[in-house]
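Below you'll find the structure, written out as C-alpha cells, and then a few comments.
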Amino acid sequence: MRVSLIRHGQTLENARGVLQGQLGRGLSEEGRAQVERLRGRLEGRTYAGLYTSDLERAAESAQMLAPAVRLAPLKEPLLREVDIGAWSGLTFCQVAERFPEEHARWSAGEDLPRGGGETYAAVGERMEIAMRNIAQAHPTGHVLAVSHGTAIRALSARILGLRAHRFPSWPVMVNTAITVIELDGPLLKLITWNDASHLEAPLP
C-alpha cells in the first residue's frame, strides 16, 4: 500500500520565519490558495483513507481537501510536527540569542531535543509507527495523510538511512508538497519526495 504524505499549506508563521513546532495557528491566505491548487490535483481520484495531524494548520488543510476525495479526515497525533519546546514561537535569530549554547550544538549537527522537545530521530520513529498503523488499517490501496515538513523529512531520512538534520541535499519542503511512501511488508520505500508540481504549472 502507499501513503501520500502532504505538508500543510503555508501559515503566517511560515512566511515570517517563525518556528512553530507543535504550536501555531491555521493557514494564511496564501496557504489556502496552495491547498486549493492541491485539491484540484486530487479531484476525482480514489483514496482508501484521509488522515491528518491534529495540529490546526494540518487539520484545516485536510478539511479543505476532504470534499475532493470524498473522505472525512481522521486525526492522528503521531503525524504531528516535531516538538521544539521553548524554541516554539521564535525566529532562528531569537533562538540564537536566548539559547546560544543549544543553538550552537544544533547548528553543528547534533540531533538534540531542541527546547526540551524531541530529537529528529524520535520524530522519524513515531512517523514510522504512524505509517505502520495506517497500513494495518488499510492493507491495500492509497491513503492521504496531512503532516508537517520536519516530520516528513525525518521519516524520509529514516527510510534512506540518512541524517534528517542539516543534510546538504535536503531542500526546504514546499507547503502542500507530496511525498509518497510505499509499505511492502516490513519494508518502507521512498517513492516520491517534495512534489509540488501543482503549484508550478497550470492544472489540466
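Read the figures in this text as sums done on the coordinates, not as results from a lab. Small disclaimer: the values here were computed from a predicted structure and weren't measured. Note that each Cβ is placed from the backbone with ideal geometry, even for glycine, and that neighbours are counted across all protein chains shown.
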### Query
If we count other beta carbons within 10 Å of each Cβ, what is the order of ILE84, ILE152, fewest first?
ILE84, ILE152
### Task
Please turn the phi angles of region 180-192 into ³J(HN,Hα) values with the Karplus equation 6.51 cos²θ - 1.76 cosθ + 1.60 (θ = phi - 60°), one per residue in order, whole Hz, x for glycine and proline.
9, 10, 10, 10, 10, x, x, 8, 10, 10, 8, 9, 9
#### Entry: For region 4-39 and region 119-192, distance of Cα centres in Å
18
### Task
Quickly work out the VAL180-to-GLU43 label distance, labels modelled 7 Å from Cα along the C-beta direction, and quote it in nm with one decimal.
2.1
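Of all the stretches in the chain, which is the longest one without any exposed loop site, taking trypsin sites (Lys or Arg not before Pro) in a DSSP loop (any state but H, G, I, E, B) with at most 13 other Cβ atoms within 10 Å? Please report the intermediate quantities before stating the final value.
Working: sites that count: ARG25, ARG45, ARG70, ARG166.
Value returned for the longest uninterrupted segment is 71-165.
Within the chain, which DSSP H helices have Cα atoms that stretch 24 Å or more along the helix axis and a mean Kyte-Doolittle hydropathy of at least 0.0? Mind showing how you got there, number by number?
Numbers: long enough: 120-137 (26 Å, 0.07).
Long hydrophobic helices here: 120-137.
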### Query
In deg cm²/dmol and to the nearest 500, what is the mean residue ellipticity at 222 nm of the chain if only DSSP H runs of at least 4 residues count, each as -39500 (n - 2.57), divided by the residue total?
-11500 deg cm²/dmol
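Determine the dipole magnitude for the chain: charges of +1 sit on the beta-carbon of Lys and Arg, -1 on that of Asp and Glu, nothing else is charged, the reference point is the Cα centre, and the result goes in debye to the nearest 20.
Details: 23 positive and 23 negative charges, 73 e Å.
So the magnitude is around 360 debye.
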### Task
Kindly provide the pair-distance distribution of region 1-98 built from C-alpha pairs, with 10 Å bins from 0 and whole-percent values in order of increasing distance.
16, 44, 28, 10, 2
### Query
Are there GluC sites (Glu not before Pro) in region 9-71 that DSSP puts in a loop and that have at most 15 other Cβ atoms within 10 Å, and which ones?
GLU43
### Summary
With the charge dipole of the chain built from beta-carbon charges (+1 for Lys and Arg, -1 for Asp and Glu) about the Cα centre, the Cα from PRO186, ILE129, MET173 projecting farthest to the positive end belongs to PRO186
